[in-house]
Amino acid sequence: MSGGSRLDHVYRSILMTKFFTKGWGKPENLKRLFLFKEKMTNRDTCFNLVPNNYPITISKEEDYSDFRIIEGHFLSPFVTNLPGIVPKESETAYFQVLLPKKWNSSHYKPICLHLAGTGDHGFWRRRQMMAKPLLKEGGIASIILENPFYGLRKPKDQVRSSLHNVTDIIVMGGCLILESLVLFHWCENNGFGPLGVTGMSMGGHMASLAATNWPKPIVLVPCLSWSSATPVFTQGVLSHSINWKLLGAQYFSDDVFREEIRKLVEVNKDAFQAGQHFAKYYPQSMDHISKLCREQDVLNKGRESQNASPPNCKSLTTELQMNRDIDQQIAGSSLSNHQAVVSNSSVAPASDFEVHGPTSKRILSPKVDVTSVSNIGTADLMTSALKRSHLISELETSESSSVNCFNANVTSKNIPDQASKVTNTVNSLLAKQKHSDTNILTRFSESESGFLGFRNKDLKDKNSLNDASVGRVRLKENIKHSVSRWREDEAVLFMHGIMDECTHLRNFTVPVDTSLIIAICAKDDAYIPREGCADLTDIWPGTEVRFLDAGHVSAYLLHKHTFRAAIIESFQRFKRKYVDV
């Protein structure tokens, strides 16, 4: 079991919800989203996509004893700016407003927009748990916006919150950013303000994205989120709800993913963190390289009969080892078992959370011993990690002068069936060396990680070496498994790039006043891992981060009063700074 709260793992394991059950989505749609992203991540261009008098229809008004409710709807601006991408059911945005019967001040009418977390359909939950208590405790009105793909906006063939495609989560974020601007304009036109935005989990991250594109000071309280959605889908417990085999197959079946979209994705921009992370877990000894060289000797023998020059063993085996470890340590995420080393500072807890902000020590601090890397520089490791897809491995056999077991460039148009290719190559090698079957298989089994980066544990039993056919079958199975695993790893790495490009806060404009931001996080959050992800206070200096001594699920269930208190406090900061002057 990976890190984080045990309750988070147990809770997730009993849920039936699966994500991206149909894959990446149409490649042409993904390409259009990436090109449009440049407008969405810049405050000036994004703000101009929505006029301040954007049409809104008020469909219902109800009065109660101590508050009134307004309901309305409007066409999402994302539909007009990027037509043909949003499902028909999601095109119309629905919202509900909770207002006091009477404001305490004519010039101070605080109102907060609430965005939905994963699985939060409809208005009831946010109205009862957040909006009504905020109105009673802090005199703060609320707007509750229905997420695309949820509630009234859920596509007919979608089951619960199971988004069909990776593109759906990107579309959801784009819609919410522009729809938030529509509601901010509506609030100002009706004399409400100051403005704020909040949300829990996914809603918290969407709130952060929405706040970046408002050109004025705004209250922001993201709860149970962090600086990027990347670790949510590649490391956290939600990563186990994704069919990586399907995504890997689709990735290699369409050239658009590899040749066009991949060029728009900068995989692992946090090169420094990637290099540190890789260095931390790289083997202390380089003995493994010499073992791989022994395996290469087998290939060299076959080539000598054709007067072929053997490849540089040191160069090839170094690449093999580096790529294997990159697979496991960087791209693997949910498919790997490593964890970053985290140390806690000595900051004393304040009530039920610890403060992590500009005036306090950092609580999470990955410690990396880069001296553990021998003979290979950290810069080289980072470069190799960033260019993971350019060289998987190369194996030339005696049957042909140059046959690649794995494609040297995964963006090539003609990617063969890797499993079949490697199987044929091995069969040929074994046929040529029929008198040396036992010797060859023994050499394969000597390596800790096995030939081409997988473990040949089944071949370690020397009794099986007496039957060459059994050895060949097992070797073929291992190779097929290795190829399948490699494709899944490539899918994880591609997902990492997509999510980083579209959701990482460093790619968006910094909010106007970061002192109005109070982020609430859970220390033992298994849904939102923070290891290896950029620190929120580094991206947005002046932001205050408070850590609850809880996991994701327990924080959501037990600490809503903490979330509301932070919202009230942030509005008070706004009032002192901009209203009472």
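The values are calculated or read from the model by the stated rules, or taken from the named source; none is laboratory data. Just so you know, these numbers come straight off a predicted model, no measurement behind them. Cβ coordinates were reconstructed from backbone atoms using ideal geometry, including for glycine residues, and neighbour counts include every protein chain displayed.
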Considering region 540-581 alone, what residues qualify as being of a type in the set (A, V, I, L, M, F, W, C), under 27 Å from the mean Cα position of the chain (by Cα) and farther than 16 Å from Gly204 by Cα?
-> Ala550, Leu558
Search result, residues across region 16-53 that are more than 20 Å from the chain's Cα centre (by Cα), within 25 Å of Phe149 (Cβ to Cβ) and not in a helix (DSSP H, G or I) = Met16, Leu49, Val50
Is it the case that Phe257 is outside the structural domain of Lys523 (by TED's automatic domain parsing), of a type in the set (A, V, I, L, M, F, W, C), under 22 Å from His9 (Cα atoms) and not in a strand (DSSP E or B)?
-> no
Residues of region 215-261 satisfying the condition of being in contact with a Gly (Cβ under 9 Å, 6 or more places away or on another chain), surrounded by fewer than 19 Cβ atoms within 10 Å (Cβ to Cβ) and either among the aromatic types (Phe, Trp, Tyr) or under 24 Å from Ala534 (Cα atoms) (or both) = none
Give me a count of the residues in region 77-98 that are out of contact with any Ser or Thr (no Cβ under 7 Å at 6 or more places or on another chain) and either outside any strand (DSSP E or B) or over 19 Å from Ile144 (Cβ atoms) (or both).
-> 13
Any idea which of (1) in a loop (DSSP other than H, G, I, E, B); (2) farther than 20 Å from Lys575 by Cα; (3) more than 17 Å from the chain's Cα centre (by Cα) is the one Pro215 doesn't satisfy?
-> (2)
Which of the residues spanning region 54-67 are outside any loop (DSSP other than H, G, I, E, B) and among the acidic types (Asp, Glu)?
-> Glu61, Glu62, Asp63
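Conditions tested, residue by residue: (1) farther than 24 Å from Arg127 by Cα; (2) of a type in the set (D, E, K, R); (3) surrounded by fewer than 18 Cβ atoms within 10 Å (Cβ to Cβ).
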| position | (1), (2), (3) |
| --- | --- |
| Leu7 | yes, no, yes |
| Lys39 | yes, yes, yes |
| Pro83 | yes, no, yes |
| Ser90 | no, no, no |
| Cys112 | no, no, no |
Would you say Ser142 is over 26 Å from the mean Cα position of the chain (by Cα) and exposed (fewer than 15 other Cβ atoms within 10 Å of the Cβ)?
-> no
Across (1) touching a residue at least 40 places away in the same chain (Cβ under 8 Å); (2) in contact with a helix residue (DSSP H, G or I) (Cβ under 9 Å, 6 or more places away or on another chain); (3) surrounded by 15 or more Cβ atoms within 10 Å (Cβ to Cβ); (4) not hydroxyl-bearing (Ser, Thr, Tyr), Asn53 clears everything bar (3)
Name the helices (runs of 4 or more DSSP H) wholly inside region 479-581 in which the number of residues that are at pLDDT below 95 and closer than 17 Å to Val232 by Cα is 2 or more.
-> 552-558
